[in-house]
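The values are calculated or read from the model by the stated rules, or taken from the named source; none is laboratory data. Predicted model, so just to flag it, every value in this text is computed and none were measured. Cβ placement follows ideal geometry from the backbone for every residue including glycine, while neighbour counts extend to all protein chains displayed.
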Amino acid sequence: MRRETAPLILSTTGVTILYILSLILQPPHVTLDEIPSFEGETVEIAGVVTSVYITSSGNQIIGLRNIQNEPPGNTTIFSMDKIDVNVDDIIKAKGSVQKYEGKWEIVVHNKNNVQIIERMNKQKTSIWVVATEPEKYMSLPLSLTGEIKNLKISRNSFTLTNSGYSITVFSPPQYLFNLTTGERVKVDGILLYDDKTFSYYLLGERVIKVD
Amino acid sequence: MLLLSSVNVFIMLLNWLTEKSLLLIGVFIVSVSITHTFVNIIPATFLGAPDEDESLSVLPAHKMLLNGQGYEAVVFSALGSFGALLIGVLLILPIKIILSEPLNFYKTINENMFWVLLAVILLMLGTEKPKHGEKLKNYIQTLFAATLTIILSGVFGLIILDLPVNSPLSLPSSILFPALAGLFGMSTQIHSLRLSTPIQKQNIEDPHLKPGERKKSFVSILTGTLAGSFVSIIPGVTPATGTIIALTSRGETETKQVIITLSAVNTVNAILTLALLFTLHKTRSGVTVILSNLLPVEEWTGFNPPLLLIHLLIPIIVAGSLAYPLTCFLGKKVAKHITLIPYNILVKTTIVALTTLTFIFTGLTGLAVLLVATTIGLLPLTFGVRRSHCMGVLILPLMLHFLPT
């Protein structure tokens with residue numbers, strides 16, 4: 001046997017065994033309040049999404065709170081990949097526990113490590129339908145599609161128009177930088193009422209360009 | 001009323017002390033980290049050297065040790081680190097201007113990270129030279145061995161990143177510890193044990209740079225510093241890769257200059273990762289992760305650096321200035337007595353210590369990872385290619401993440 005062959009066979013066999021081991025070994029499921037005791041370890045958690053935020057460098061931060069029957073707790077998930085989750089979705093995530101800027105977070109290395117257990121269905125509707133009976137949709141998660149008008153980045157807002165109807169949308173700032181007036185977008189958010197201006201508005205959680 | 005005021009003053013004093021003590025801990029951590037970039041040449045030189053005739057892959061410091069010039073290697077390394085310390089501190093503002101406001105070049109780098117990492121890999125592969133004569137067949141064999149090492153360590157990295165590891169003593173665990181210890185530490189020790197050679201008496205006379213060498217050394221420090229800046233910005237790229245870039249850019253192969261360059265890359269990398277914490281809010285090292293948890297790190301927006309960064313840079317300069325003579329002093333002591341130390345026992349003790357620490361921090365799964373990582377780490381040593389190819393363990397998963405869609 002040549003000198004090079006032994007480490008080559010050993011390493012290839014070793015990597016294969018580790019792969020099988022990775023399929024068998026599953027991380028412990030922990031509740032959100034238990035996370036601090038698992039620093040550096042890989043764990044599995046489940047929770048309700050409270051916020052979804054994309055950083056300027058393209059990483060995703062997902063806020064999570066405990067599921068009702070579990071002890072109170074919250075954490076954030078850090079993912080370098082973008083994961084399609086919405087506020088109020090119930091998700092399961094596998095990642096390593098670390099402390100960042102004094103707060104506990106789960107670092108997810110692969111988007112496949114986040115599974116949606118239950119998706120919060122956003123009611124897809126049209127602006128004109130909401131305009132006819134706004135009180136019926138009050139505080140409910142909605143998904144509205146329309147054209148951007150009156151984009152005001154400094155106020156984090158724009159007007160969404162469709163078929164002659166329009167509504168003001170307040171959006172998370174990270175989405176606004178990629179938008180221009182006249183573009184068609186889908187906005188996921190919650191319908192709220194501003195009693196100072198006597199008007200309804202959509203508190204956007206996510207703005208996605210559509211063709 | 002008096003009691004209330006006293007309690008108030010006591011609380012204020014306590015807050016002030018807590019704030020200051022956290023800063024002092026931060027100062028201690030950065031001082032240790034910068035000193036480490038100086039003194040780590042001592043174990044790197046005096047531990048793990050294989051027989052040069054038998055081994056295909058001998059590190060520059062080991063080559064000098066085997067020629068009786070271990071102390072000289074330590075002195076030149078300390079010189080490289082000290083030079084990089086002085087230039088590195090001056091580079092912080094220009095790097096901030098380039099990466100963050102107003103030029104925002106980091107955004108462009110980040111958007112093209114896949115291509116940057118691919119270029120790094122191609123450069124690493126392209127600069128490999130066959131050890132058995134420069135025939136085409138040897139080139140192809142070397143290239144194949146290097147590619148195989150990168151791919152195998154990359155696949156290994158993809159598998160282990162989500163492998164759950166637990167410390168039997170409930171200590172904080174990290175899967176990267178057994179992986180990197182196996183790829184770079186354990187494999188080197190086992191290789192040197194397999195091909196062990198008696199260490200000859202070391203020359204402990206203070207080395208002097210000849211006039212021609214002074215200019216060369218200055219260029220080594222300068223190019224090393226610039227390459228170190230690159231290393232601190234790009235994730236998954238090691239100081240060894242930075243050294244290859246610096247040396248390739250000027251066609252330098254002399255052992256002393258390689259050591260000076262590598263040390264310069266190492267030290268400037270430690271300084272600039274700290275600056276990146278304030279500039280881009282990126283934690284690129286264990287030290288910056290701890291600092292970000294310990295201290296209120298504010299983003300560096302204007303031209304004037306944040307006060308906290310200045311508070312951390314002062315001890316870096318002081319510690320580095322003290323570490324320079326300390327490294328030379330300790331290097332001389334070790335070089336003087338290295339022949340008295342039973343070398344094999346020292347290497348075996350290191351192997352036992354690494355294995356024990358791996359078990360304590362990461363348990364049985366960690367030991368399995370250490371074992372596989374060691375066999376992968378032995379590949380470049382037996383094939384005679386660079387060990388830095390093992391950084392595929394981080395580079396390949398990062399490339400997949402940055403893969404353009």
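Only one of the numbered conditions (1) more than 10 Å from every other protein chain (Cβ to nearest Cβ); (2) part of a loop (DSSP other than H, G, I, E, B) is violated by A:Gly58, and that is (1). All conditions in (1) farther than 25 Å from A:Ile20 by Cβ; (2) surrounded by fewer than 20 Cβ atoms within 10 Å (Cβ to Cβ); (3) more than 8 Å from chain A (Cβ to nearest Cβ) hold for B:Thr188, with the sole exception of (2). A count restricted to the range B:99-116 and to residues that are surrounded by fewer than 15 Cβ atoms within 10 Å (Cβ to Cβ), touching a residue at least 60 places away in the same chain (Cβ under 8 Å) and at the interface with chain A (Cβ under 10 Å from one of its Cβ atoms) stands at 0. If you go through the range B:308-352 and keep only what is outside any helix (DSSP H, G or I) and in contact (Cβ under 8 Å) with a residue 24 or more places away in the chain, you end up with B:Ile338, B:Thr339.
State yes or no: is B:Arg214 more than 21 Å from the chain's Cα centre (by Cα) and without any contact (Cβ under 8 Å) to a residue 60 or more places away in the chain? It is true that B:Arg214 is more than 21 Å from the chain's Cα centre (by Cα) and without any contact (Cβ under 8 Å) to a residue 60 or more places away in the chain. When each of B:Thr362, B:Thr356, B:Thr339 is tested for being polar (S, T, N, Q), modelled with pLDDT under 95 and surrounded by fewer than 23 Cβ atoms within 10 Å (Cβ to Cβ), the lone residue that passes is B:Thr339. Which condition number in (1) loosely packed, with under 13 Cβ neighbours inside 10 Å; (2) of a type in the set (A, V, I, L, M); (3) at pLDDT below 90; (4) closer than 23 Å to B:Gln257 by Cβ is the one that B:Leu4 fails? Among (1) loosely packed, with under 13 Cβ neighbours inside 10 Å; (2) of a type in the set (A, V, I, L, M); (3) at pLDDT below 90; (4) closer than 23 Å to B:Gln257 by Cβ, the lone unmet condition for B:Leu4 is (4). Of the strands (runs of 3 or more DSSP E) lying entirely inside the range A:123-211, the ones with 3 or more residues being under 18 Å from A:Asn86 (Cα atoms) are found at A:123-125, A:141-152, A:184-194, A:199-209. Consider B:Ala373 carefully, then state whether it is farther than 27 Å from B:Ile271 by Cα, among the aliphatic types (A, V, I, L, M), in a helix (DSSP H, G or I) and within 11 Å of chain A (Cβ to nearest Cβ). It is true that B:Ala373 is farther than 27 Å from B:Ile271 by Cα, among the aliphatic types (A, V, I, L, M), in a helix (DSSP H, G or I) and within 11 Å of chain A (Cβ to nearest Cβ). Of the candidates B:Pro198, B:Pro178, B:Pro207, the single residue that is buried (at least 20 other Cβ atoms within 10 Å of the Cβ), in contact (Cβ under 8 Å) with a residue 60 or more places away in the chain and more than 10 Å from every other protein chain (Cβ to nearest Cβ) is B:Pro178. If you go through the range B:121-150 and keep only what is among the hydrophobic types (A, V, I, L, M, F, W, C) and within 10 Å of chain A (Cβ to nearest Cβ), you end up with B:Ala145, B:Leu148. If you go through the range B:382-405 and keep only what is β-branched (Val, Ile, Thr) and out of contact with any helix residue (DSSP H, G or I) (no Cβ under 7 Å at 6 or more places or on another chain), you end up with just B:Thr405. Out of curiosity, is A:Ser22 of a type in the set (Gly, Ala, Ser) and out of contact with any strand residue (DSSP E or B) (no Cβ under 9 Å at 6 or more places or on another chain)? Criteria met by A:Ser22. Of the residues making up the range A:8-54, those that are more than 10 Å from chain B (Cβ to nearest Cβ), among the aliphatic types (A, V, I, L, M) and either surrounded by 14 or more Cβ atoms within 10 Å (Cβ to Cβ) or assigned to a strand (DSSP E or B) (or both) are A:Val30, A:Leu32, A:Ile35, A:Ile45, A:Ala46, A:Val48, A:Val49, A:Val52, A:Ile54. B:Ser21 meets each of the listed conditions (1) modelled with pLDDT under 85; (2) within 26 Å of B:Phe303 (Cβ to Cβ) apart from (2). Taken over the range A:160-184, the residue count meeting the criterion of being among the hydrophobic types (A, V, I, L, M, F, W, C) and within 18 Å of A:Val129 (Cβ to Cβ) is 3.
Inspection of the range A:157-164 finds a residue satisfying the criterion of being within 24 Å of A:Thr55 (Cα to Cα) and in contact (Cβ under 8 Å) with a residue 12 or more places away in the chain.
Conditions tested, residue by residue: (1) modelled with pLDDT under 85; (2) over 30 Å from A:Pro173 (Cβ atoms); (3) not basic (Lys, Arg).
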| site | (1), (2), (3) |
| --- | --- |
| A:Leu10 | no, yes, yes |
| A:Tyr19 | no, yes, yes |
| A:Thr31 | no, yes, yes |
| A:Glu39 | yes, yes, yes |
| A:Ile54 | yes, no, yes |
| A:Gly63 | no, no, yes |
